[in-house]
Amino acid sequence: MTAKNGARVVPPADPCCFVVFGASGDLTHRLLMPALYNLAASGLLPDAFSIVGVARAEMTTAAFCDGLRKALDQFATRKVEPAVVERLLSCVTYVQGGPEDEASFDRLGETLVAIEHKRGTRGNRLYYLATPPTAFTPTARALGRTGLAREENGAWRRLIIEKPFGTDLASAQALNRALLDVFEEHQIFRIDHYLGKETVQNIMVMRFANGLFEPIWNRDHIDQVQITVAETLPVGRRGKFYDATGALRDMVPNHLFQLLSLVAMEPPSRFDARSVRSEKANVLDEIQMITPEEALRRSVRGQYLAGRAGREDVPDYRATRDVAPDSTTETYVALGLSIDNWRWAGVPFFLRTGKALCARVSEVAIKFKQAPFAMFRHTPIEHLAENFLTVRIAPEEGISLQFNAKVPGPSIAIDGVHMTFQYKDYFESAPSTGYETLIYDCMIGDAILFQRADGVEAGWRAVQPFLDAWRQAGPEGLSFYKAGSDGPEEAHRLIGDHGRRWRPVC
Ligand code: BG6
């Protein structure tokens, strides 16, 4: 991103080879190629650079490049300059293979050595697993067995994977163990695409680069925190994945907890990957451990029924392709969490996320305690507006503060007003996929925006009581909501029991 008043100079990444597994798939075409294109167009790729695509399909490099060219025409986020495309494609090689065919990894190794020699990429390799999660462990093991994971002669070898990192605590631990058998933690870059969002990164800057907020960022001044990720889109064509996953697994231990940890963590002593990730993992670890009974009281799970969301007529979730007709998978979840530390004791954190809701809203809202009311007791004022500081991630990225102001006129009347900062008013940014910063950071070895093994496990540990309680409860306790509404009624009851109200979504 570049400020209107001056350009920020960022040097190109380290010389390296970008090896993408799952090269013929959707992620490579829809997101990775457009992101690499944007990096190339911004001068952030090194001169010594190459791309190696690995997939099972038999294909020539020329045919693979044709597919990438078409993908850029279809998915690029900015105008495609033919010269940049040709420069990027001139460094592409395709290798046919997969983890079940170890000889293909030997071939890959030989190809990489030859490319490195030719292009001067110094043996630095970024292995991007754009594969289904079931291939993470076999691919990592095959890289290990064939010696491709080993860092040697000053060359780095890094692995990128993207969520889901397991489906519960035990499977997340097993995945971490398997990856750490082959790679060291400093080589593993776990992507949560929420950390690629500027506004999400800005939470840290807002908190720690301003003296204003930190003194009041605690239980003495904050009444509650609400984290909302509401989507209008229904499950659509993702029925197979979604029905086995549900809203909790899909969104909470990863995206919503990234937001929570940035809001709630202690100030890191340094702005580096070790300090920041340690503080984030610490605060996730401090989410109160609860019994399954308590988990039922502190959660609402809902499933949508037919309605109209966004501009679409949405059928019942259970009528979605690849969804079981008696599915009890939740498409909405609301939780009330507590954090067991001195800063947050007694401050409830309410989280909610769902599909097919009335509006697309992603935000973190911090509500400050009300001012003592006494002074206005003998005036016509019935109630004061709530003091909310809201970080908006979507749709308009920005920050707003709601406070009370006097209504002009002879009598004392007070109304709630908003002071709003919108990113687009201050900064220019070229439309991006959200993966550019993440790929670039991996190429320069900066892991601040990536998840560490302990953080992933702390997230799963905190949601495990809900998963256990819901499994035991089966269909009992599943609520329903109409597509296009703001979620199930029970969610209002959940927060109402704490004497609070949700911020409106619609
Ligand atoms: C993905 C989930 O990780 O995040 C999707 O699998 C969800 O179900 C998406 O729609 C939300 O991301 P964003 O950036 O659109 O808020």
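Quick check on the chain: take the gyration tensor over C-alpha atoms, sort the square-rooted eigenvalues as a ≥ b ≥ c, and tell me if it's rounded (a/c under 1.5), prolate or oblate. In terms of gyration-tensor shape, prolate. Simple spin-label estimate for Asp497 and Ala394 gives 3.0 nm between the two label positions (7 Å along the Cα-to-Cβ direction from each Cα). Peptides 298-306, 271-279 ranked from most to least packed give 298-306, 271-279, packing being the mean of other C-beta atoms within 10 angstrom over each peptide's residues. Here the Debye sum runs over all C-alpha atoms of the stretch 412-475 as equal scatterers in vacuum, and log10 of I(q)/I(0) at q = 0.15, 0.24, 0.29 Å⁻¹ comes out as -0.84, -1.05, -1.17.
Once label points are set 7 Å from the Cα along Cα→Cβ at both Thr134 and Phe208, what is their separation, rounded to one decimal in nm? Output for this residue pair reads 4.0 nm. Would you mind classifying the stretch 42-190 by shape? Square roots of the alpha carbon gyration tensor eigenvalues, ordered a ≥ b ≥ c; an a/c under 1.5 is rounded, otherwise it is prolate if a/b is larger than b/c and oblate if not. It is prolate, given that a/c is not under 1.5 and a/b is the larger ratio. So, counting K/R as plus one and D/E as minus one, what does the shell of residues with Cβ under 12 Å around Asp454 add up to? Once all neighbours under 12 Å are counted, the net charge is +2. Amide hydrogen proximity for Ala394: with H placed 1.01 Å from N in the peptide plane, the residues at 5 or more positions away or on another chain lying under 5 Å are Ser362. The HN-Hα couplings worked out from phi for the stretch 387-394 by the Karplus form 6.51 cos²θ - 1.76 cosθ + 1.60 (θ = phi - 60°) are 8, 10, 9, 10, 9, 9, 9, 8 Hz, whole numbers, x standing for Gly and Pro. Partnerless cysteines in the chain, where a partner means another cysteine C-beta under 4.7 angstrom, comprise Cys16, Cys17, Cys65, Cys91, Cys442.
When peptides 109-119, 412-422, 93-103 are ranked by their average number of other Cβ atoms within 10 Å per residue, the highest-first order is 93-103, 109-119, 412-422. Ordering Gly455, Leu384, Val54 by the projection of their Cα atoms onto the charge dipole of the chain, which places +1 on the Cβ of Lys and Arg and -1 on the Cβ of Asp and Glu, puts Leu384 at the extreme positive end.
Taking R0 as 45 Å, what's the FRET efficiency between Asp47 and Val417 from their Cβ-Cβ distance, rounded to 0.05? Result of the calculation: an efficiency of 0.30.
Calculated [222 nm] ellipticity per residue, helices only, for the chain: -9500 deg cm²/dmol; basis is -39500 (n - 2.57) per DSSP H run with n ≥ 4, divided by all residues, nearest 500. Taking label positions 7 Å along the Cα-Cβ direction at both Thr61 and Ala324, the computed distance is 4.9 nm, reported to one decimal. For the peptides 392-404, 251-263, the ranking by packing is 251-263, 392-404, with the highest mean count of neighbouring Cβ atoms within 10 Å listed first. Listed by chain and number, the lysines placed with their C-alpha closer than 28 angstrom to that of Lys355 are Lys163, Lys197, Lys240, Lys280, Lys367, Lys424, Lys482; residues fewer than eight positions away on the same chain are left out.
Less than 5 angstrom separates the built amide H of Ile222 from those of Lys369, all sequence-distant by 5 or more or on a different chain. Extension gain, Asp73 to Ala178: 0.36 nm times the residue separation minus the Cα-Cα distance gives 34.0 nm.
List the GluC sites (Glu not before Pro) in the stretch 295-365 that DSSP assigns to loop (not H, G, I, E or B) and whose Cβ has at most 14 other Cβ atoms within 10 Å. Which are they? For GluC sites (Glu not before Pro) across the stretch 295-365 that sit outside H, G, I, E and B with at most 14 neighbouring Cβ atoms in 10 Å, the list is empty.
Close amide H partners of Arg157, meaning residues 5 or more places away or on another chain with modelled amide H under 5 Å apart, are Arg125.
Over all other residues within a Cβ to Cβ distance under 9 Å of Leu262, the charged ones net out to +2, with Lys and Arg as +1 and Asp and Glu as -1.
One Cα centroid belongs to the stretch 211-250, the other to the stretch 312-340; the line between them spans 15 Å.
The local environment of Gly196, defined by Cβ-Cβ distances under 15 Å, has a net charge of -3 under the rule Lys, Arg +1 and Asp, Glu -1.
Read-outs throughout are calculated quantities, based only on the coordinates presented, and are distinct from any laboratory measurement. Everything quoted here is computed from the prediction, not taken from an experiment. Don't worry about glycine lacking a Cβ; one is built from the backbone with ideal geometry, like all the others, and counts go over all protein chains shown.
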